Amino acid sequence: MEKFDVVIVGAGSGGIGAAIAAGRLGLKVLLVEKQNFVGGNATQSGVSVWEMGVGGTGIPFEIYKKLKEIPHAVGIYSFKKHRKWQLKTGETPLHPGAEITIDKSVKYFDTLRRHGSELGIQNEVFVRKNWHGVPFEPTIFQDVVENMMLETGNITLIKNTAVIEVIKQNDEIQALKLSNNRTISADYYIDCTDNGYICQAAGCEVMYGQESKEQFDEPNAPDVVSSKLNGVSLIYSISPLKSEGVVKPPICWWADEYPPTSIVEYPNGDLNINMLPTMEGIEFSIYTNYTHAYEECKRRVLAHFQHLRYVYPPYKDYQIVWIAPALGIREGKRIVGEYILKEQDIRSGLSKQEQHDIVTIADHALDTHGKSTGRAGCAELDEPYGVPFRCLIPKGFSNLLIASRAASFSSLAASSCRLSRTMMQLGQAAGMAVYLAQKSNVPVKSIDYQSLRQLLLEQNVQLEYPILPKLKKYLDDE
Ligand SMILES: Cc1cc2nc3c(=O)[nH]c(=O)nc-3n(C[C@H](O)[C@H](O)[C@H](O)COP(=O)(O)OP(=O)(O)OC[C@H]3O[C@@H](n4cnc5c(N)ncnc54)[C@H](O)[C@@H]3O)c2cc1C
């Protein structure tokens, strides 16, 4: 049986951060990915946009700098238009949602803030000044990330291969069986799958759907538990190509009206179209067959594009050039860990959080997509908050970590912290934590949390707000 220091399962944002961090620290890493490419949601589901938000100064910034060396691979965006903003004289009254375009006057540092506006998207002046994100070309992103892995000299990447069985004894994972008939083992394992597949197969406790108020005392949780989920989107891209005649769209058959839409310009001029959402989470959860849900979302995409061209003149001369091969699923199963991140942590923020093991900071709104979630929608935050390392330690296991959106977050907390750069930073923390655990030959939960934070700081990960001057200087040098 092949033996590694650490096996990481899933090469999405979390897996990329974990593998590069562990590989650079000299660990012999195996990274297993069931798709034929790396990137997870950021590539297979078309979420090739890092939304504005604090954190994201470690491995994400390094990826950005490498992308920047390649023409049309990455840009920084600003908000140009939003349908909730007041119209100016002579302005086209119609827009389906947000129009977000590449802006050469802003830098990476400007993408590191979301919090600070009670009004959120309605506050045009605030949004124009402070909200900037990072759209990138997904295929170039894959190459850049794979090269960074190769450069460590310590990472074996196996694509097109899924983990299909977990072998465990007591509190230890002993080996994993792969779909290519190989069995592999390691001292430590990091589950970076979107649904916490390894943890689930190992028998960890799972959370799914909305928790009730009573469960975690969260002020905005519903009174009773429910299986309601954040919405699902099938993202597509359009390009300014010679187009055929505009056809009247069908009446929207799945909702009261066509959903609001985020339209982000790619560095090559194409537009990334994200219906918010394509399918309500609760509706998706009822489908027993994923392919049927995907096909229904594709029908909706085609109708939505017709609607876009018919109703909004700027999009008349566009064609669809790509539909994501996978649905963008915002919320699935989550694993109960040594600590569960809750709404209270997020709302109290770094200045009042007392945890000593914070390994990532974030400031995205508590943000549920879709009408059926029955929640407040998008609640902006006053200040950044931290995610404790213990959210990455599944309860009851000594050599297993989880670094993905399936980590130990309440449903409400997950609606805030699930963003790609935050996941990559959690992955970076997990990779470093395994290094510390192996060095001292201890279970993952026994590592020294201060040493972990120190390692992260040395690798330019932002753990403080406001940002430390030294880190700001490093970021300015892009
Ligand atoms: C529609 C949508 C829009 C979003 N918009 C934004 C945005 O604008 N900006 C932003 O920053 N974030 C956004 N997000 C959130 C963000 O994209 C995700 O939460 C984040 O990328 C998740 O990263 P991850 O590493 O947890 O999971 P993923 O990226 O999903 O990676 C998990 C990986 O595990 C692999 N895997 C699963 N099971 C197995 C197995 N058994 N064996 C091997 N491999 C396996 C999968 O193939 C996948 O590659 C959006 C999400 C969605 C769905």
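The values are calculated or read from the model by the stated rules, or taken from the named source; none is laboratory data. The structure displayed is predicted, hence computed values, not measured ones. Every residue, glycine as well, gets a Cβ built from its backbone with ideal geometry; the counts of neighbours run over all protein chains shown.
What the table below lists for this structure:
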{"read-out": "Residue match in region 235-246 (condition: touching a Phe, Trp or Tyr at 6+ places or on another chain (Cβ under 6 Å), touching a residue at least 12 places away in the same chain (Cβ under 8 Å), crowded, with 16+ Cβ neighbours inside 10 Å and more than 30 Å from G17 (Cβ to Cβ))", "value": "yes"}
{"read-out": "Meets criteria (in contact (Cβ under 8 Å) with a residue 12 or more places away in the chain and either within 24 Å of E33 (Cα to Cα) or not aliphatic (A, V, I, L, M) (or both)) for I402", "value": "yes"}
{"read-out": "Restricting region 225-247 to residues that are touching a strand residue (DSSP E or B) at 6+ places or on another chain (Cβ under 9 Å) and β-branched (V, I, T), the residue that is nearest to E338 (Cα to Cα)", "value": "V225"}
{"read-out": "Test: residue in region 19-29 that is near the ligand (Cβ under 8 Å from one of its atoms) and either over 22 Å from V321 (Cβ atoms) or in contact with a Ser or Thr (Cβ under 7 Å, 6 or more places away or on another chain) (or both)", "value": "no"}
{"read-out": "Some residue of region 77-84 being in a loop (DSSP other than H, G, I, E, B), surrounded by fewer than 19 Cβ atoms within 10 Å (Cβ to Cβ) and either away from the ligand (no atom under 14 Å from the Cβ) or not basic (K, R) (or both)", "value": "yes"}
{"read-out": "Single match in T43, T57 (criterion: outside any loop (DSSP other than H, G, I, E, B), at pLDDT 95 or above, farther than 19 Å from V163 by Cβ and of a type in the set (S, T, Y))", "value": "T43"}
{"read-out": "Qualifying strands (runs of 3 or more DSSP E) (wholly inside region 155-213; at least 1 residues being of a type in the set (D, E, K, R) and surrounded by 22 or more Cβ atoms within 10 Å (Cβ to Cβ))", "value": "183-191"}
{"read-out": "Residues satisfying the stated conditions in region 315-325, i.e. within 16 Å of the ligand (Cβ to nearest atom) and surrounded by fewer than 17 Cβ atoms within 10 Å (Cβ to Cβ)", "value": "W322, P325"}
{"read-out": "Cβ-Cβ under 7 Å pairs, at least 6 apart or on other chains, region 98-126 side within 26 Å of Y315 (Cα to Cα), far side assigned to a strand (DSSP E or B) and of a type in the set (A, V, I, L, M)", "value": "A98/I263; E99/I263; I100/I263; I100/V264"}
{"read-out": "Residue count, region 130-154 (criterion: surrounded by fewer than 16 Cβ atoms within 10 Å (Cβ to Cβ) and either part of a strand (DSSP E or B) or more than 18 Å from the chain's Cα centre (by Cα) (or both))", "value": "4"}
